[in-house]
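Notes to accompany the following structure.
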Amino acid sequence: MLVDFALYTPMFVSLTWALILLFTSGISGPRTFLSLFMFIISAISLSNVVYYHHYKEYFFSFELIYIFGNLSMLPISQCYIKLLTSTLKIRLSDLNSLYPAAILMIATWVIYLFMNPEMRALYINTYLFSNGSWYAAPSLIRTELILHYIFLLVFVIQIIYSFKRISVFIAEYHKNINNYFSNLNYLTIEWPVIILYSFGVMSIFSSFTYFLGRNYYDKSPVILCVTGIGFAIFLFFLGFLGFLNRKIVEIHDTDSEDFFEMPSTIQIKIDLHVLFEEKQLYKNPNLKISDIASSLNTNRTYISKFINNEYTISFSMFVNQYRVEEAKQLLISDENTNYSLDYIASLAGFGSLHSFIRVFKEITGTTPGRFKKNNLPKNRENLL
């Protein structure tokens, strides 16, 4: 009973999330690919049910599903993270990683067709459900076993490649939001990073189990139960995260990227000085680089590159330096003695107290509270 629960739960959890995500996704949205990922996992889980219940007459068909599913889930997860973290669309070239899955599935099927019924039974009973001797195996069965090792090698390569590629997507997103938004409080993507490492852990664990072989778990019901239930819990939280997050906010606003007037370097410095020193635009917690570009009658990419090159910092850091300086003055002012840090943060333009403390410490090396205590006027220190 417990083994059945461990086998069926991952299948039902992934299938349920696949349907929920599919019916709540937009066309070609991130949820569509997460839904496809969940469908693939449910198919793999179904093949495990067939294997561990020893339905040998149906097994080979599900073995093909198992091969294709395992080699396609990581390419699909790449597409999911790409759509989630960028404004780029999925191209056919992004699906090239599915070729190994299709090729190995077809090759396994073709070799199997060349086997006579007795050899097929030998292959399934002795080699798929047990550890038959390589040296005693007929040539066609050896070929199938070679394909199995190729499958494992390809899967390991996919783990490394997918992990690197998804890391690039997330790093690029962090770079972009730092150059387009001043307040990153609601734009951080910590949970996709969690998903990334979850995919990594899942993939490494899966490769380990593949090397052991499913027949190893077939002989160890306790390990099979722990693995199945643990995987079901992982799938539930992965689906839940995907359901909560439709798509991370677009990097690029809807304003036009048409080229307007391109002011000189000196003129930009003067204009930025006016906007930040006199008009104090940094006090707007929702300030975006498109707001600056609109004020200067130019485009955001030009301004972003100017700040990057001229000040060697991102747009968010450029703005936050002004906010921190403002906060410093507010913290040591006699008029603000009884104001909370939360209120000081809002006056300086920060979107939240957490963001204020994090950025303040990053720039000054100390916390706002400690800075306030260390910079009290002498008359207030005496009162204390």
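The values are calculated or read from the model by the stated rules, or taken from the named source; none is laboratory data. Computed from a predicted model, the values in this text were never measured in an experiment. Every residue, glycine among them, receives a Cβ derived from its backbone with ideal geometry; neighbour counts consider all protein chains shown.
Some points to look at:
- Residue in segment 201-219 that is of a type in the set (A, V, I, L, M), more than 25 Å from L104 (Cβ to Cβ) and either in the same structural domain as N96 (by TED's automatic domain parsing) or modelled with pLDDT of 70 or more (or both) present: no
- Checking I170 against (1) surrounded by 15 or more Cβ atoms within 10 Å (Cβ to Cβ); (2) modelled with pLDDT of 80 or more; (3) outside any loop (DSSP other than H, G, I, E, B); (4) not hydroxyl-bearing (S, T, Y), the condition it does not meet: (2)
- Pick from segment 72-96, criterion of a type in the set (A, V, I, L, M) and farther than 30 Å from I141 by Cα, ranking: surrounded by the fewest Cβ atoms within 10 Å (Cβ to Cβ): L92
- Any hit, segment 104-114, residues being under 13 Å from S72 (Cβ atoms) and either among the small types (G, A, S) or in a helix (DSSP H, G or I) (or both): yes
- Residue-level check: of (1) at pLDDT below 85; (2) buried (at least 18 other Cβ atoms within 10 Å of the Cβ); (3) within 23 Å of the chain's Cα centre (by Cα), Q158 misses just (1).
- Index of the failed condition, Y322 passing every other in (1) of a type in the set (F, W, Y); (2) more than 17 Å from H273 (Cβ to Cβ); (3) not assigned by TED's automatic domain parsing to the domain that holds H273: (2)
- Residues that are in contact (Cβ under 8 Å) with a residue 12 or more places away in the chain and either over 20 Å from M38 (Cα atoms) or basic (K, R) (or both) within segment 67-95 comprise K82, S86, T87, K89, listed in sequence order.
- Apart from one condition, N125 fits all of (1) more than 38 Å from the chain's Cα centre (by Cα); (2) among the polar types (S, T, N, Q); (3) at pLDDT below 85; the exception is (3).
- When the residues of segment 315-330 are filtered to those that are surrounded by 22 or more Cβ atoms within 10 Å (Cβ to Cβ) and in contact with a Lys or Arg (Cβ under 9 Å, 6 or more places away or on another chain), the one that is farthest from Y302 (Cα to Cα) is R323.
- Considering segment 335-376, the qualifying helices (runs of 4 or more DSSP H), each wholly inside and each with 3 or more residues that are among the hydrophobic types (A, V, I, L, M, F, W, C) and within 20 Å of F318 (Cβ to Cβ), run over 341-348, 353-364.
- Any hit, segment 330-344, residues being closer than 24 Å to N176 by Cα and either at pLDDT 85 or above or assigned by TED's automatic domain parsing to the domain that holds N183 (or both): no
- Every pair of residues 6+ apart whose Cβ atoms lie under 9 Å, when the first sits in segment 141-153 and is farther than 25 Å from P117 by Cβ while the second is aliphatic (A, V, I, L, M) and part of a helix (DSSP H, G or I): I150/L104; I150/A107
- The condition of being of a type outside the set (A, V, I, L, M, F, W, C), surrounded by fewer than 18 Cβ atoms within 10 Å (Cβ to Cβ) and outside any helix (DSSP H, G or I) holds for only one of Y135, Y99, that being Y135.
- Odd one out for C79 among (1) farther than 29 Å from D218 by Cα; (2) more than 18 Å from the chain's Cα centre (by Cα); (3) not hydroxyl-bearing (S, T, Y): (2)
- Scanning segment 296-305 for residues being modelled with pLDDT of 85 or more and surrounded by 19 or more Cβ atoms within 10 Å (Cβ to Cβ) gives a total of 2.
- Being within 29 Å of the chain's Cα centre (by Cα), outside the structural domain of N179 (by TED's automatic domain parsing) and either more than 18 Å from K175 (Cβ to Cβ) or surrounded by 14 or more Cβ atoms within 10 Å (Cβ to Cβ) (or both) holds for only one residue in G365, G351, and it is G351.
- Some residue of segment 279-286 being hydroxyl-bearing (S, T, Y), crowded, with 20+ Cβ neighbours inside 10 Å and either assigned by TED's automatic domain parsing to the domain that holds N183 or under 19 Å from N176 (Cβ atoms) (or both): no
- Taken over segment 138-155, the criterion of being out of contact with any helix residue (DSSP H, G or I) (no Cβ under 7 Å at 6 or more places or on another chain) and surrounded by fewer than 16 Cβ atoms within 10 Å (Cβ to Cβ) is satisfied by S139, R142, I146, Y149, L153.
- All of A327, A293 fail the test of being outside the structural domain of N179 (by TED's automatic domain parsing), more than 31 Å from the chain's Cα centre (by Cα) and either closer than 30 Å to I266 by Cα or modelled with pLDDT under 85 (or both), apart from A327.
- Looking across segment 67-100, just one residue is of a type outside the set (A, V, I, L, M, F, W, C), in contact with a Phe, Trp or Tyr (Cβ under 8 Å, 6 or more places away or on another chain) and more than 16 Å from R165 (Cα to Cα), and that is N70.
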